[in-house]
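Enquirer: Input: one structure, supplied below.
The values are calculated or read from the model by the stated rules, or taken from the named source; none is laboratory data. Owing to the predicted nature of the structure, the values given are computational and were not obtained by experimental measurement. Glycine also receives a Cβ, built like all others from the backbone with ideal geometry; neighbour counts cover every protein chain displayed. Surface accessibility is based on the protein's heavy atoms, side chains included, excluding ligands, DNA and RNA. Shrake-Rupley method; radii C 1.70, N 1.55, O 1.52, S 1.80 Å.
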Amino acid sequence: MPIVNRVADLHEEITAWRRDIHAHPELLYDVHRTAASVADKLKSFGCDDVIPGIGRTGVVGVIRGRRPGKKVIGLRADMDALPLEEETGLPYQSTVPGKMHACGHDGHTAMLLGAAKYLAETRNFAGTAVVIFQPAEEGGAGGLAMVKDGLISRFGIEEVYGMHNYPGLPLGEFGIRSGAMMAAADHIEIALEGKGGHAARPHLAIDTVLVGAQIVNALQSIVARNVDPLESAVVSICMFQAGHTDNVIPQHARLRGTARSLTPAVRDLLQARITEVVESTARLYGARAKIAYHRGYPVLMNHERQTAFAADVAREIAGGDKVDTDMAPMMGAEDFSYMLAERPGAFIFLGNGDSAGLHHPAYDFNDAIIPLGTSYWVRLAETALAG
C-alpha cells in the first residue's frame, strides 16, 4: 500500500489524538473540549486561518497551497459521540458515564487532523484546502447548521468530500458508489388515546396496547405491499410506551420510530401511507391517534464525477482491487448529505475490519486504518488541487 511516508511517521501521534478524543466523548453540539483541541492543533500546524463557532461548535481550518490556484475543496470529519455506555474495557475507554465514541468519529477527526498537519507542512498544491470539523452528526444535523452558518459560501468551497469507517468491510478496503449512497431518515411520533379501565373488564375500555400493537403490525404492510419491490424502504417502530401496572388498561400510549428511503418518491409514499395506516387503524378500534411525521436527513447523493475521482484516489492508496465502486446503498443516514446538496462531492467508506458494528457498546475504531484514511485525504487534496 503506497501510504504517504510522512503520514506513516505520524501514525503514533495521530493514534494518541484519537484515543484522547475517545476517552473524552461529547454529544451533539456540546463538543467544546474536542473543538477546542482541534482548533489548538490546527493553529499549531500553521493553518492560514482557524475559525471556531461555525454551526455553533464546528471548527474550520484553511490551508493555502504554495502554488497559485483558485480552486477550493472541503474535507469534512465529524466530532460527536453517542449516548451509550462503553463495554470495551480498553485502557483508553470513555471516562464519561453514558457516553462513548461508538461510531468512529474520534478516528475521523484524528485522521483529518493528521492530513491537516501534513498539508500545512508541505503545501504541495495549488488552491485551498478547507478542513471541516463538524458537531452533531448523530441526530443533531450539525452539517445543516454549518451550511446555514455560511460554510460553503464564506469559504468559497467548490467541492466537498467526506469519509466514514465501515465495520465488516475488510481492513484497508474502500467502498463507494455514485448516486444514492445512504438513506433519508424520517421520524415518526404517534400519540394514542383510548379509554382506560380495569384489566378484568376490557369490554368497557378501549385498549391502547392492543391498538398500538395492531398499528405496529399494519405499518409493516407498507414496505411489503405499497413500495415497489425493486425500491428500498424501512419502517421500524422502536419505542412503545403504555401503562404502569398489570391490571389497568392504559388510556394513553406513545410510539416512536423511523422511516428510511432512497428516493423522493418513496419518501413521499411512506409519509402518506404511514399517516393513513396509523389514523385508520386507531379509528377501527375506537381510539384516536395523532401522528407527527418529521423529515430528517435527506438522501446522501454522491456526484458522478467526484465519485469517480475519489475512487481513483482510493485505488492509489489501497490498490485497484481494494476499491468497490458499486457498494450497495445502505439505509443508515448521514448529515453530510446537506453539504452534498450544496456542492458536488463524494462520501466514501473505509474498512474497519472485523470489529463490532457501529453504535454497538463494544465498537472501537481500528487504529490500523489511520495511515490509509489520512493518506487518502492527503492525496485527494493534492490531486484535486494539482493546478
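Enquirer: Once the convex hull of the alpha carbons of the range 160-309 is built, what does its volume come to per residue, in cubic angstrom?
Expert: Details: hull volume 21.4 nm³, N = 150.
Spelled out: Cα convex hull of the range 160-309, divided by residues, is 143 Å³.
Enquirer: In Å³ and rounded to a whole number, note down the convex hull volume per residue for the Cα atoms of the range 295-357. Spell out each step's value before the answer.
Expert: On the way: hull volume 6.6 nm³, N = 63.
Taking only Cα atoms, the range 295-357 has a hull volume of 105 Å³ per residue.
Enquirer: Still on this structure: As I understand it, the value is the acute angle between the Cα axis of helix 105-122 and the longest principal axis of the Cα atoms of the chain; what does it come to in degrees, rounded to 10?
Expert: That helix lies at roughly 20 degrees to the long axis.
Enquirer: Using a 1.4 Å probe on the protein heavy atoms, what percent of the accessible area of the chain belongs to carbon and sulfur? Let's see the in-between values first.
Expert: Working: 8180 of 16020 Å².
Percent of accessible area from carbon and sulfur atoms in the chain: 51.
Enquirer: With the cut-off at 1.5 for a/c, could you classify the range 251-378 from its C-alpha gyration tensor as rounded, prolate or oblate?
Expert: It is prolate, given that a/c is not under 1.5 and a/b is the larger ratio.
Enquirer: Right, something else. Could you tell me which of rounded, prolate or oblate describes the range 227-284, using a ≥ b ≥ c as the square roots of the eigenvalues of the alpha-carbon gyration tensor, with rounded for a/c under 1.5 and, failing that, prolate when a/b is larger than b/c and oblate otherwise? Don't skip to the end; give the middle numbers.
Expert: Working: a/c = 3.76, a/b = 2.30, b/c = 1.63.
Prolate, since a/c reaches 1.5 and a/b exceeds b/c.
Enquirer: Let's test this: bin the Cα-Cα distances of the range 44-157 at 10 Å from zero up to the farthest pair and state each bin's percent.
Expert: Bins of 10 Å from zero give 14, 40, 30, 13, 3 percent of pairs.
Enquirer: Answer rounded, prolate or oblate for the range 332-387, using the Cα gyration tensor with square roots of eigenvalues a ≥ b ≥ c: rounded when a/c is under 1.5, else prolate when a/b is larger than b/c, else oblate. Mind dumping the intermediate values first?
Expert: Working: a/c = 4.00, a/b = 1.38, b/c = 2.89.
Oblate, because a/c is 1.5 or more while a/b does not exceed b/c.
Enquirer: Give me Rg/Rg_expected for the chain, where Rg uses Cα atoms only and Rg_expected = 2.2 N^0.38 Å with N residues. Please report the intermediate quantities before stating the final value.
Expert: Numbers: Rg = 23.3 Å, N = 387, 2.2 N^0.38 = 21.2 Å.
Cα-based Rg divided by the globular estimate yields 1.10.
Enquirer: Given a Förster radius of 41 Å and the C-beta distance between residue 20 and residue 191 as r, what FRET efficiency does 1/(1 + (r/R0)^6) yield to the nearest 0.05?
Expert: Values: r = 43 Å, r/R0 = 1.06.
Efficiency computed from Cβ-Cβ geometry: 0.40.
Enquirer: Taking the mean number of other Cβ atoms within 10 Å as a proxy for protection, how do you rank 103-110, 358-365, 283-290 from highest to lowest? Kindly include the intermediate steps, with their values, before the conclusion.
Expert: Numbers: 103-110: 27.8, 358-365: 18.4, 283-290: 15.8.
Going by the mean number of other Cβ atoms within 10 Å, highest first, we get 103-110, 358-365, 283-290.
Enquirer: What distance in nm separates the two pseudo spin-label positions at residue 66 and residue 236, each 7 Å out from Cα along the beta-carbon direction?
Expert: A separation of 5.0 nm, rounded to one decimal place.
Enquirer: Give me the accessible area per residue for the chain, probe 1.4 Å, as a whole number in Å².
Expert: Values: 16020 Å² over 387 residues.
So the chain comes to 41 Å² accessible per residue, rounded to a whole number.
Enquirer: Between the range 61-77 and the range 1-60, how many Å separate their Cα centres?
Expert: Using only Cα atoms, the two centres lie 17 Å from each other.
Enquirer: OK, next. Hey, what's the Cα Rg ratio for the range 154-225 versus the globular rule of thumb, 2.2 N^0.38 Å? Don't jump to the answer; show the numbers that get you there.
Expert: On the way: Rg = 23.5 Å, N = 72, 2.2 N^0.38 = 11.2 Å.
Working it through for the range 154-225, the quotient is 2.10.
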